[in-house]
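Q: Dumping the structure here so I can ask a few things about it.
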Amino acid sequence: MAVLVTGVAGFIGSHVARVLIDRGEEVIGIDNLNDYYDPQLKRDRLAWIGLDRFDFRQMDLSDRSGMEVLFKEPSLRQVVHLAAQAGVRYSLENPHAYADSNLIGFLNVLEGCRSARIEHLVYASSSSVYGANARMPFSEQDAVDHPLSLYAASKKANELMAHSYSHLYRLPCTGLRFFTVYGPWGRPDMALFRFTRAIMAGEPITVYHHGHHRRDFTYIDDVVTGIIKVLDQPAYADTAWDPMQPDPAKSSAPWRIYNIGNTQPVLLLDYIRCIEQATGKEAILDLQPMQPGDVPDTYADCSQLKQDFGYLPSTHVTEGVKRFVQWFLDYYRI
């Protein structure tokens, strides 16, 4: 039985593929290796996984005919869909990239899963879907109807699209709302990577909302453990689901939504202090107002994840940042 990992050269995808391979799974991985950030980092992630250990194919989710061929693989039984156009701020600059990847690409994945009768589709959503909701912690039972960016709207759309396929074709689908994932092999556009690079170079770092954001930073290994636990237990229909009082995270179809977060929000200024401690260097702060599309705080309620899978992320941010900084120094030979 093979597992398809989309976005396999990405931050989370490479970690997931490596864990699946290490436990003996046959993995097919796809990625378009685009230039949203340095493609060399993506190629190095593939080398870190071991290209001789899995079936890698360079292709784009929006390639409808290519995706149709991919899903004809007879051994394919599970899908971990992590490929997407990421980034809240970039969605203000290049919105069409989000339609191509996150909407058309996701539709191609759903159609492939339907035609191949996939046993379980696990896909990446985002804490960004909570949008204008200010009630903390964010719960899967909260309404997510007021996104603040096109990126967030595309992730909300993914959840709705998955539900329709789950209802129509009984396709087991589980969406995972990730909360600010960080760690070794992370994305260069994310705060930890940008801040560490600037601090090491003695350059100022731009800090929005004057550093008063709070983020539920979640370490990569914890996220991957959650993904694997969810993958191993396909979503099922909730026979007690009440259409008169509908639970937004469950369904009469085999469809589920879960938060995966560290449940310990950290002030951005404190996060920067962790980087300073790990690098031994002081940050030069360029404090700026909040950016359009950003939410002030994120805070995950992961009680449903704990109840259904007996699991909660636990890596403390000080330790997680330390591990990232060590990787960064090693990777760039600093």
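Q: Got a sec? Which of G7, G24, G13 is open to solvent by less than 70 Å² (accessible area, probe 1.4 Å), over 20 Å from the mean Cα position of the chain (by Cα), of a type outside the set (S, T, N, Q) and under 29 Å from F324 (Cβ atoms)?
A: Matching residue, one of G7, G24, G13: G24.
Q: Collect the residues in the stretch 264-309 that are within 30 Å of P234 (Cβ to Cβ) and either among the aliphatic types (A, V, I, L, M) or in contact with a Ser or Thr (Cβ under 9 Å, 6 or more places away or on another chain) (or both), keeping them in residue-number order.
A: Those that are within 30 Å of P234 (Cβ to Cβ) and either among the aliphatic types (A, V, I, L, M) or in contact with a Ser or Thr (Cβ under 9 Å, 6 or more places away or on another chain) (or both): T298, Y299, A300, D301, C302, S303, Q304, L305.
Q: As an exercise: evaluate F179 against (1) open to solvent by 50 Å² or more (accessible area, probe 1.4 Å); (2) under 15 Å from V295 (Cα atoms); (3) at pLDDT 95 or above and give the number of the one condition it does not meet.
A: (1)
Q: Here's a follow-up. Quick check, is D216 under 23 Å from the mean Cα position of the chain (by Cα) and closer than 16 Å to V321 by Cβ?
A: Criteria met by D216.
Q: Quick one: which strands (runs of 3 or more DSSP E) lie wholly within the stretch 185-300 and hold at least 1 residues that are open to solvent by less than 20 Å² (accessible area, probe 1.4 Å) and either of a type outside the set (A, V, I, L, M, F, W, C) or in contact with a Leu (Cβ under 6 Å, 6 or more places away or on another chain) (or both)?
A: Result: 204-207, 255-260.
Q: Still on this model: For a quick check of your reading: which helices (runs of 4 or more DSSP H) sit entirely within the stretch 89-184 and have at least 2 residues that are of a type in the set (S, T, N, Q)?
A: Those helices (runs of 4 or more DSSP H) span 106-116, 150-169.
Q: Quickly run through the stretch 117-168 and pick out the residues that are open to solvent by 30 Å² or more (accessible area, probe 1.4 Å), under 21 Å from V230 (Cα atoms) and among the aliphatic types (A, V, I, L, M).
A: L160, M161
Q: Checking the structure you have, find out if any residue of the stretch 53-76 is under 23 Å from A191 (Cα atoms), touching a helix residue (DSSP H, G or I) at 6+ places or on another chain (Cβ under 7 Å) and either open to solvent by less than 10 Å² (accessible area, probe 1.4 Å) or at pLDDT below 95 (or both).
A: No: the stretch 53-76 contains no residue that is under 23 Å from A191 (Cα atoms), touching a helix residue (DSSP H, G or I) at 6+ places or on another chain (Cβ under 7 Å) and either open to solvent by less than 10 Å² (accessible area, probe 1.4 Å) or at pLDDT below 95 (or both).
Q: Moving on. Would you mention how many residues in the stretch 27-51 are buried (at least 20 other Cβ atoms within 10 Å of the Cβ) and at pLDDT below 95?
A: Final tally of qualifying residues: 0.
Q: Restricting to the stretch 301-321, give me the number of residues that are open to solvent by less than 60 Å² (accessible area, probe 1.4 Å) and either under 19 Å from A201 (Cβ atoms) or among the basic types (K, R) (or both).
A: Total satisfying the criteria: 1.
The values are calculated or read from the model by the stated rules, or taken from the named source; none is laboratory data. Model, not experiment: these values are computed from the prediction. We place every Cβ from the backbone using ideal geometry, glycine too, and count neighbours over all the protein chains shown. To get the accessible areas, we keep the full protein, side chains included, count just its heavy atoms, and leave off ligands, DNA and RNA. Shrake-Rupley method; radii C 1.70, N 1.55, O 1.52, S 1.80 Å.
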